[in-house]
Amino acid sequence: MQHSERQLIAQAQRGRREAFGELVRRYQDRVFNLAYRLLGSVQEAEDVTQETFLCAFRALRTFRGRSQFFTWLYRIAVNKAANARRGRLLRYRRERDDKLLGDGQRPQENSPSRALEAEEEELLLQKALNQLSPDHRTVLVLSVIEGMKYEAIAETLHIPVGTVRSRLHRARLELREVLSSMDARAALGEE
């Protein structure tokens, strides 16, 4: 008999690692997909997924059930992904500065097309998502790809529901522009 989520959480809070392991099994794919959509790198998504569950395990005693468990977990994942993006930006700047200063280091390549053998449409979508602003990308991934409701997104990101709606609207417009631009460049043979 499969345990309910509430029972698993209670057992995990009492120290039963098997119960937490079952929660990980239930949510690891969704957390990985979220991290991948936000970061565009399999390696970084795997790292963020692992960090998310490690952080959740350590903080599980603080979970009071005021929100759904996956909302709480997604909030952790979004924060970990934002930290990874900041880390990537800092590494990029350091590598760029080293290169400009003659240090001879090569930039790290984390292209999704090199990290995954995926269908052409998947790569195109990920490439377009990567060009969106982090705020727009996050709300679009949570809403469209993860299927979260506006209220859950608002709770996850600690923003008002109205902000979720406006960001989602702007994200869709931005994505449409990016995809149109990519189509135009492809038609001209620039890609």
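The values are calculated or read from the model by the stated rules, or taken from the named source; none is laboratory data. This one's a predicted model, so the numbers in the text were calculated from it and none came from an experiment. Every residue, glycine among them, receives a Cβ derived from its backbone with ideal geometry; neighbour counts consider all protein chains shown. The area values use the complete protein model at the heavy-atom level, side chains included, leaving out ligands, DNA and RNA. Shrake-Rupley method; radii C 1.70, N 1.55, O 1.52, S 1.80 Å.
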So which residues in segment 136-191 are open to solvent by less than 50 Å² (accessible area, probe 1.4 Å), in a loop (DSSP other than H, G, I, E, B) and modelled with pLDDT under 90? E146, M148
Report whether or not T49 is surrounded by 18 or more Cβ atoms within 10 Å (Cβ to Cβ) and either among the charged types (D, E, K, R) or farther than 21 Å from E151 by Cα (or both). yes
Only one residue in D103, D98 is farther than 22 Å from Y36 by Cβ, modelled with pLDDT under 85, over 19 Å from the mean Cα position of the chain (by Cα) and surrounded by 14 or more Cβ atoms within 10 Å (Cβ to Cβ), so which one is that? D98
Determine the pairs where a residue that is touching a residue at least 40 places away in the same chain (Cβ under 8 Å), located within segment 138-165, has a partner that is surrounded by fewer than 21 Cβ atoms within 10 Å (Cβ to Cβ) with Cβ atoms under 6 Å apart, the partner being 6 or more residues away or on another chain. A152/T71; E155/S67; E155/T71; T156/T71; T156/R75
Of everything in segment 23-36, what is open to solvent by 30 Å² or more (accessible area, probe 1.4 Å) and within 20 Å of V139 (Cβ to Cβ)? Give them in sequence order. R30, F32, N33
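Here's the yes/no breakdown for (1) at pLDDT 90 or above; (2) closer than 30 Å to Q126 by Cα; (3) assigned to a helix (DSSP H, G or I); (4) over 21 Å from the mean Cα position of the chain (by Cα):
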site	(1), (2), (3), (4)
H3	no, no, no, yes
A12	yes, no, yes, yes
G15	no, no, no, yes
V24	yes, yes, yes, no
A45	yes, yes, yes, no
Filter segment 151-174 for residues that are closer than 23 Å to A128 by Cβ and not hydrophobic (A, V, I, L, M, F, W, C) and give the result. T156, T163, R165, S166, R167, H169, R170, R172, E174
Scanning segment 113-135 for residues that are assigned to a loop (DSSP other than H, G, I, E, B) and open to solvent by 50 Å² or more (accessible area, probe 1.4 Å), which turns out modelled with the lowest pLDDT? E117
Set A77, A84, A59: member being closer than 30 Å to A12 by Cβ, in a helix (DSSP H, G or I) and at pLDDT below 90: A84
